[in-house]
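The values are calculated or read from the model by the stated rules, or taken from the named source; none is laboratory data. Computed from a predicted model, the values in this text were never measured in an experiment. Cβ: placed from backbone, ideal geometry, glycine included. Neighbour counts: every protein chain shown.
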Amino acid sequence: MSEKAKALKNRNSSAGSILKKYSMVIALVVVFVFFTLLTEGRLILPQNLSNLLLQNAYVLVLGCGMLLCILTGGNVDLSIGSTVCLIGALATQMLANTGLPAILIIVISIAIAGVIGIAQGWLIGYVHIPPFICTLAGMFLFRGLGRVVLDSKTIPIQNQLYLDIFTRYINIPGIDTEDLKVSAIIFGVLAAIIVTAGTILGRIKKRKNGYAMENGTLAYIRVALIDALIVVYSIQLANYKGISVMLLWIIAVILIYAYITSKTAFGRTFYAVGGNEKATKLSGIDPRRVYFSAYLSMSLMAGLSGLLVAARIGSVNGDSGSSYEMDAIGSCFIGGASAYGGSGSVVGIVIGAILLGTINQGMSIYGLDNNWQYVVKGVVLLLAVVFDVVSNHKTGKS
Amino acid sequence: MADNILVMSNITKEFPGVKALDNVNLQVKRGSIHALVGENGAGKSTLMNVLSGTYPVGSYTGTIEYDGKLCEFKQLRDSENFGIVIVHQELALIPELSIGENMFLGNERKGFLGIDWDETFSQAEKHMIQVGLKESPTTLIKDIGTGKQQLVEIAKALSKNVKLLILDEPTSSLNEVDAKMLLDLLLEFKKQGMTSIMISHKLNEIAYVADEITVLRDGATIETIDNTNRNIDEARIIKGMVGRDLSDRFPSRKHSVSDEVSLQVSDWCVQHPLYREKRIVNNVSFKVHKGEVVGFSGLQGAGRTELAMSVFGKSYGNDITGSIEISGKKVHLSNPKEAIDHGMAYVTEDRKGNGLILSDSIAINTTMARIKKICNKFGVIDIDKENNVAGEYVKKLNTKTPSVQQKLGNLSGGNQQKVLLSKWMFADSEILILDEPTRGIDVGAKYEIYCIINDLVAQGKSVVMISSEMPELLGMCDRIYVMNNGEIVQESNAKDATQESIMKAILDSEKKEKADKETVAS
Ligand SMILES: Nc1ncnc2c1ncn2[C@@H]1O[C@H](COP(=O)(O)OP(=O)(O)OP(=O)(O)O)[C@@H](O)[C@H]1O
Ligand SMILES: [Mg+2]
């Protein structure tokens, strides 16, 4: 092969690998544009964009927890939908019937979720009950308990402090007006600056220490796109009610999980156990503790979702949270987590969750009924996984 | 003109970032034994995978002519229909199934209603006799040793009417007795007219069986050497493989064993994890000094791996009794983590099952056993540092890979082994237990690994080396223990030991065992 042909070939293959790396992002863009056109632009109205994230808050939060379980070997937690209901029910009953301050009630609720997590984590990690069965039992158990706590009624939430903690829109007097919440834009610009600075500093450090670096143009194009996205989104939020506290909760959870999974030794253990449990054990990592941590974190996130969802809907009933586990599992797999464990990322889940959310919302705005939304969700999940398997197969073999 | 059963011409095969084969030519004479040699990552396994259709036509360029006909195999099945059968580097048997079931997996003997089990097992038995395997075909794979498993693979190949048998490092996990048996089997098949291709890093074996030897280096054919007279010089092959003369097989070392004992194991007994009444390690005591290389010799199933793993934080066995002292202090190691924290390392013989995460990168695997070293005090990993240290080990051990981000599963067998060694060198251990450390590693890299071992002991560390290759033990160790049936039957200075004295110790103990059994019985 001549030098020129070689160079050409290299470029082609790197274009191919970029395409593969960002395939889910591209899919998201395509779906987004499609629904924007279909709904004649209504999808990108400020109110709808704001709701897109808030309505899917639970998927994002649960998806992060679910990722750790799936990483350990394709294990899932089926009980979280029921845990959402139980924790929501306990919180609303405490709010309605005890004089305890809302903050304390929130802490107690999360603690109870922690106890659930410890129990399941212990059974799965240390007693070696298969996760599927253990959490299936939990799914029945907690749903039943939730309904008992609710006495089969729908209980509304009246405590304003509680609602504020989760759903209030940030409104800074002086700079925010009725029409334009400038604080949202300030927040967005700050976030963009942090992202940009982080990238530049990271590259400076790499250069100083002589470490290998990714292609600069590529990195800066990516940062520019992310920055643009953040700013545009925050302008849209500013045109609606501004930034909801719930958005901050979501961002906090995502950042914490992204950090743990990509940057810490603790996060690494989940990937290791899913990759080869025996080798992990012989490397001095206790797999039992890894399973335990995964299911504990999962239940904590289910507890948090229970509180978030209760606050957003404003009430809790016996069917709250049903099939939430499936949304979380779906977004993990759409986001590229391996069904055998050992690979997957938080960024992937965020994209998977937003993709599912966009489809749901796009179809509701268009006026398609609920049943069809299920059909489309199923097809998308299947397509995503088939695409993933086939593309991996190709690059792996030829 | 010679009667070639196989002519592969101008084979080129690329993986993302790696040109594994570059215009390779291979000609194999009918009824001969053809050896394929080359350094780790030279492309030997890849070439055989191209031949067998594992990499289908279209994924490579070049032509394959078999029995005078141009062949285009789209899958493994296609080449098997022509009688080309490959036995892979990593055994591919299912441990929970019986020998017979494994042999006819995917090739089931069908009767009137479903599988005909009588036919299956009688056929299995027939082929097992051909390879000299005296087991019941209903025995489960997990209950027989690696040597016998290798024979099952060959019997499986025979059941497919094999005409061209390809063996990828068939003896890498066998001891010398089993290996010799397998080689003699190949010679026997040859007499019956079968052609074989064998890949191996053990040059003495190649000199013993091969009629012709093709040398690959960096994905290209270097030469084909004739060995019909069985008089080839091993140094000659090595020169072709590494491209230079390698005068010594073992680096010289100043033996400076300290008086300080770093590891002392006393009265060590271990029971089988499942059959608790079965004793696997019986009353073993041994010690290792600082700056010493201690070897463990013995046959497959002598209990060396089991001893090592049970010492390494009880990662094998049940009801373990006995005591361990590290640097004179008594310690209790109840899990691998405690063993690692006490400065111990166990480099497993089973790199795929117990050693590495094949789906992860070289970098992640390298730092796994002591990730703390590249973390700050909050457990946050410095990824750049990680890539750098991984890169250093890649350089130091000459691991062949495009980058440290390469997935382990994409490396050749020998290069995986090098990453496994890196992992435990990175763990900074004072006492390293190396279980078959040079399995599947080419001669050049072996020399490098020996040098590393010498470096380690020169720094005052201790090395326990379990190996089935006696020359390696004799060449590297200060002291050698010989194990048989879970007991230590001999301890000698390496200076005084010979292959014969080691074999004699093993045979004597076998005889004694038999005699004991008979006295008990009568
Ligand atoms: N699936 C794959 N993807 C990418 N690279 C690969 C893949 N399989 C093999 N390679 C690369 O191709 C080269 C040749 O590998 P191959 O397994 O044929 O070596 P080998 O000669 O059998 O070595 P060994 O003696 O270590 O078994 C190596 O550099 C290896 O890393
Ligand atoms: Mg190989």
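Could you list, in sequence order, the residues of the range B:231-253 that are outside any helix (DSSP H, G or I), more than 18 Å from B:LEU473 (Cβ to Cβ) and modelled with pLDDT of 80 or more? Steps first, please.
Just the residues of the range B:231-253 that are outside any helix (DSSP H, G or I), to begin with: B:231-233, B:243-253.
Right, trim to more than 18 Å from B:LEU473 (Cβ to Cβ) and you get B:231-233, B:243-247.
Of everything in the range B:231-253, those that are outside any helix (DSSP H, G or I), more than 18 Å from B:LEU473 (Cβ to Cβ) and modelled with pLDDT of 80 or more turn out to be B:ASN231, B:ILE232, B:ASP233.
Mind listing just one residue for me: the one in the range B:15-47 that is in contact with a Gly (Cβ under 7 Å, 6 or more places away or on another chain) and basic (Lys, Arg) and, of those, nearest to ligand 2 (Cβ to nearest atom)? Taking the candidates together, the pick is B:LYS44.
Which of the residues that make up the range B:17-39 are of a type in the set (D, E, K, R), modelled with pLDDT of 90 or more and closer than 24 Å to B:GLY444 by Cα? Don't jump to the end; show me each part of the working.
Applying the first criterion (of a type in the set (D, E, K, R)) to the range B:17-39 yields B:19, B:22, B:29-30, B:39.
Now narrow it down to the ones that are modelled with pLDDT of 90 or more: B:22, B:29-30.
Across the range B:17-39, the qualifying residue is only B:ASP22.
Residues of the range A:258-270 being facing chain B (nearest Cβ under 7 Å) and farther than 14 Å from B:ALA369 by Cα, which ones? Matches in the range A:258-270: A:LYS263, A:THR264. Among strands (runs of 3 or more DSSP E) entirely within the range B:429-522, having at least 3 residues that are in contact with a Leu (Cβ under 7 Å, 6 or more places away or on another chain) singles out B:462-466. In the range A:243-250, is there at least one residue being closer than 30 Å to A:ILE106 by Cα, touching a strand residue (DSSP E or B) at 6+ places or on another chain (Cβ under 8 Å) and not in a helix (DSSP H, G or I)? Looking through the range A:243-250, at least one residue is closer than 30 Å to A:ILE106 by Cα, touching a strand residue (DSSP E or B) at 6+ places or on another chain (Cβ under 8 Å) and not in a helix (DSSP H, G or I).
Determine, yes or no, whether A:LYS181 is over 25 Å from the mean Cα position of the chain (by Cα) and buried (at least 18 other Cβ atoms within 10 Å of the Cβ).
Yes: the conditions hold for A:LYS181.
Within the range B:283-305, identify whether any single residue is modelled with pLDDT of 90 or more and within 14 Å of chain A (Cβ to nearest Cβ), and answer yes or no. Within the range B:283-305, one or more residues are modelled with pLDDT of 90 or more and within 14 Å of chain A (Cβ to nearest Cβ). Would a scan of the range B:381-398 turn up a residue that is at the interface with another protein chain (Cβ under 8 Å from one of its Cβ atoms), among the hydrophobic types (A, V, I, L, M, F, W, C) and either within 30 Å of B:GLY145 (Cα to Cα) or surrounded by fewer than 24 Cβ atoms within 10 Å (Cβ to Cβ) (or both)? Yes, that holds for at least one residue.
Among the residues of the range B:211-218, is any more than 16 Å from ligand 1 (Cβ to nearest atom) and either polar (S, T, N, Q) or more than 30 Å from B:VAL85 (Cβ to Cβ) (or both)? No, the conditions are met nowhere in the range B:211-218. Filtering B:SER467, B:SER462, B:SER429 for residues that are within 18 Å of B:PHE250 (Cβ to Cβ) and either crowded, with 23+ Cβ neighbours inside 10 Å or away from ligand 1 (no atom under 13 Å from the Cβ) (or both) leaves a single hit, B:SER467. Those residues that are more than 21 Å from B:LYS400 (Cα to Cα) and either at the interface with chain A (Cβ under 7 Å from one of its Cβ atoms) or buried (at least 22 other Cβ atoms within 10 Å of the Cβ) (or both), I need them from the range B:360-371; list them, please. Correct list: B:ALA369, B:ILE371.
If I filter the range A:285-296 for residues that are at the interface with chain B (Cβ under 8 Å from one of its Cβ atoms) and surrounded by 18 or more Cβ atoms within 10 Å (Cβ to Cβ), do I get at least one hit? Reasoning before the result, please.
We begin by selecting, within the range A:285-296, every residue at the interface with chain B (Cβ under 8 Å from one of its Cβ atoms); these are A:285-286.
After this cut, where a residue has to be surrounded by 18 or more Cβ atoms within 10 Å (Cβ to Cβ) as well, the list is A:285.
Yes - at least one qualifying residue is present in the range A:285-296.
Return the residue satisfying two criteria in turn: it lies in the range B:318-339 and is assigned to a loop (DSSP other than H, G, I, E, B) and within 14 Å of another protein chain (Cβ to nearest Cβ), and of such residues it is surrounded by the most Cβ atoms within 10 Å (Cβ to Cβ).
First pass over the range B:318-339, keeping only residues assigned to a loop (DSSP other than H, G, I, E, B): B:327-328, B:332-335.
Cutting the leftovers down to within 14 Å of another protein chain (Cβ to nearest Cβ) gives us B:333-335.
Values: B:LEU333: 20, B:SER334: 10, B:ASN335: 17.
Checked the range B:318-339; the qualifying residue surrounded by the most Cβ atoms within 10 Å (Cβ to Cβ) is B:LEU333.
Return yes or no: is B:VAL419 within 16 Å of ligand 1 (Cβ to nearest atom), within 14 Å of chain A (Cβ to nearest Cβ) and either touching a residue at least 24 places away in the same chain (Cβ under 8 Å) or of a type in the set (Gly, Ala, Ser) (or both)? Against the criterion (within 16 Å of ligand 1 (Cβ to nearest atom), within 14 Å of chain A (Cβ to nearest Cβ) and either touching a residue at least 24 places away in the same chain (Cβ under 8 Å) or of a type in the set (Gly, Ala, Ser) (or both)), B:VAL419 qualifies.
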